[in-house]
């Protein structure tokens, strides 16, 4: 997934933005809808269905014979149009069939996974996503619709999981064959889209950097999130591992059932104290997606030979748009360590981010994960599935930490009725957002008013004190007069 | 080996320093000799022999019955008398039999291992050694001569390896039973004394922090040192590991035979370039005992998912006494890393120092190592063996990197003839040291003289320049005059 092996954005696919979005800078809706223009719903559902049945293989693989299809080929794609709030990701229609280079395959996308990196990217906090306009998306599942030259071990009709640097939140994606993995029997498209990023991340952290062994203990932050649930399941594949998992209280039942030994409500409790109560010596591994001051806390919770594994800076995310204060605070508090201190405590600090790793390095890991899936040892938990049109809601749910498990985007078109309901919901949400903003402003005003009151009170108190100490006041006054006199003398 | 489980210095053993050393602050010899006083060689060789045969068990375990032995019991011990050069470690005689607490054993020491931490400690750079006067020594081998209460799985006569925070460079050592490990059949006392620190360090670095796997590559600095040779042998237990080892050219044949794939002469070559020539992408693991700028180089040599393991700061050691410049430089250049940078490169930075680790944490590792020894997969390489009297020479050899493998101290008393030769050698070495110092002074003088010459030349050249550019000079002079005039005006 590094720069080297990331395919170019499908350059030959001409972007065609809905007129409404082209005209105004201020988007009208958080969940953009493609209007029912001819190019929005062309032949591709048919093509997809055909591809799914494997019958369209020859047609798709030999596009040169049918120039007419080239012209009519179009597909919907989510596009990050600029950095900012949820509304910056818009649903657009791309036209023209992407060309396939040697070793590449074209995938008819069925489901896409949502990741924290996508939220960071939307705010301009993730440098591995090319500059907007760009289609985000690091993972998806789908069916191979066409193969390029020299592709021998994938064929049209194969169901695959896909891992890529970006560009997968669209109905059609072109990727190198090495970025695709055959889906095991019985795996749903949602599960397949939920697996790559979270499970590879959890696996490499726990078993490569962490070197997790029986009887060890692990602290998993955001234990109800995608990586959290993956990590919990993977910990359970090792004998007698104690799992501390932080999540808000409402999620404790689910994560306990999933394998977390000690759920901790980080909103009402100090998780450091809670861990120490049970494991006074601390833990062997801390998985830290938060950054900032939490990294310091995690480091101090490590036993000797313990490993802190940092894999993000979720603390930087505060609000829809980039919050400079949160970013600066997280950056400022970001953990930095001297090797001499590491030696004296026998600890390791590791950093992991799948986005910066070549996909060739994760092939073995992916294969191990697919084996574990087939053995029934891991199974992605789907929190919710959204249509491409609802990407804003999906991102909001993740950012506000509403999910338990993975949030999925499906490429299945929304029904007309649902669209209407969605529009109503959007209106409602917009109103709520407005209310929230107004409330914020009011709160701010109130705060300021309170501050003013306090200042006034303080002044009054000081005035009282002055009254109580007239002697002191007189002395002060005398001094001031003396100074004035001296100044006069100098002037003369 | 942490503060908790480290036994107190054998407080009841009364120290009795040879008179010569008590009288003067300036020691007379680098390799201190115990004079042939009665207490220097008392009954203990006999006791040791008896203990070795296992017959003296009852006598040793029940000292209350034989008060006479209490009085005559004495043993030789190396004592760090203050921080400084090689001569700060003196051979003294301790009197009185150490008392055994519950769970402790008394070991008649046969051989001791020398470690870099001992060199650091002598210079006051290792905070895990109690303040002088103190007996250094983190590892030894010997025979159990007495056992305390509640000791069931060791008995008098057992041959053991011992690992301790300090206090093992003496003929008799008292340690908790958990710090002793039975010696396997066929292992010599020298091998047993050479094994604990180096092999545990190498094992935990490679297999716990490093998680070394087949086909990976490792950079081993000081590959001819104790840890270097241990690490090489342990790497060879994993399939197809490529080993880069730095050492001076004269040691390459030996380390190649030992298993180093690519020996690099760090004195004449840039090891970073040499590694990159063979492995352009770098290595998976760097074992770094050097610190300072070498840690930066090692870090930059890491592949993605690579681990840098720092386990010392040998670069701080420069000369016999603490070299403040070398310490400050190493400290200043010491590697410090931000977790965000680690994430973006998918790397780990680990710190290891056995001296800061509880011995209970290494019991499993020690047992694995003893198994590997019995399987013939590892075998400590003894570089040289010195008598306690020669500890200065032993330390010098290690510090000047003369050794290939482990340097051992034996408690076997030196023969009279050897002592005389040693005295001659000492004289010679002292003379050489003096010569070196004189040479240094002369060099310094020469340097200063050269500097002076250069200054003179520079002055002359400048003078010439001035002559060549009379116009410029005039302009300068004019300016000065103008300034003077202005000053005069202001005064008026």
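The values are calculated or read from the model by the stated rules, or taken from the named source; none is laboratory data. Keep in mind that what you see is a predicted model, and the values were worked out from it rather than measured. When we count neighbours, we look across all protein chains shown, and the Cβ atoms used for this are built from the backbone with ideal geometry, even at glycine.
General observations
- Residue count for the stretch A:333-361 satisfying the condition of being crowded, with 20+ Cβ neighbours inside 10 Å and more than 10 Å from chain B (Cβ to nearest Cβ): 1.
- Among the residues of the stretch B:196-224, just one is facing chain A (nearest Cβ under 10 Å), assigned to a loop (DSSP other than H, G, I, E, B) and closer than 26 Å to residue B:398 by Cβ, namely B:210.
- Residue B:260 being surrounded by 21 or more Cβ atoms within 10 Å (Cβ to Cβ), in contact with a helix residue (DSSP H, G or I) (Cβ under 7 Å, 6 or more places away or on another chain) and either within 27 Å of residue B:342 (Cβ to Cβ) or within 12 Å of chain A (Cβ to nearest Cβ) (or both): no
- The criterion of being in contact with a strand residue (DSSP E or B) (Cβ under 6 Å, 6 or more places away or on another chain), at pLDDT 85 or above and either part of a strand (DSSP E or B) or within 17 Å of residue B:125 (Cβ to Cβ) (or both) holds for residue B:350.
- Considering (1) outside any loop (DSSP other than H, G, I, E, B); (2) more than 12 Å from chain A (Cβ to nearest Cβ); (3) free of Cβ contacts under 8 Å to residues at least 40 places away in the same chain, the lone condition that residue B:280 does not fulfil carries the number (1).
- Conditions (1) farther than 30 Å from residue B:171 by Cα; (2) touching a residue at least 60 places away in the same chain (Cβ under 8 Å): number failed by residue B:214: (2)
- Of all the listed residues (A:200, A:177), the sole one being touching a helix residue (DSSP H, G or I) at 6+ places or on another chain (Cβ under 7 Å) and either surrounded by fewer than 23 Cβ atoms within 10 Å (Cβ to Cβ) or in contact (Cβ under 8 Å) with a residue 40 or more places away in the chain (or both) is A:200.
- Scan the stretch B:101-131 for residues that are in contact with a strand residue (DSSP E or B) (Cβ under 9 Å, 6 or more places away or on another chain) and buried (at least 20 other Cβ atoms within 10 Å of the Cβ) and the total you get is 16.
- Any chance residue B:345 is under 22 Å from the mean Cα position of the chain (by Cα) and at pLDDT 90 or above: no
- Being under 22 Å from the mean Cα position of the chain (by Cα) and either at positive phi or free of Cβ contacts under 8 Å to residues at least 12 places away in the same chain (or both) is a property that holds for residue A:292.
- Taking the listed residues B:298, B:306, the one that is more than 8 Å from chain A (Cβ to nearest Cβ), more than 26 Å from residue B:86 (Cα to Cα), modelled with pLDDT of 95 or more and in a strand (DSSP E or B) is B:306, with no other qualifying.
- Evaluation of residue B:380 against the conditions (1) within 10 Å of another protein chain (Cβ to nearest Cβ); (2) part of a loop (DSSP other than H, G, I, E, B) shows that the sole unmet condition is (1).
- Odd one out for residue B:364 among (1) surrounded by 18 or more Cβ atoms within 10 Å (Cβ to Cβ); (2) out of contact with any helix residue (DSSP H, G or I) (no Cβ under 6 Å at 6 or more places or on another chain); (3) part of a helix (DSSP H, G or I); (4) within 14 Å of chain A (Cβ to nearest Cβ): (1)
- Verdict on residue B:323 being modelled with pLDDT under 90, surrounded by fewer than 18 Cβ atoms within 10 Å (Cβ to Cβ) and more than 8 Å from every other protein chain (Cβ to nearest Cβ): yes
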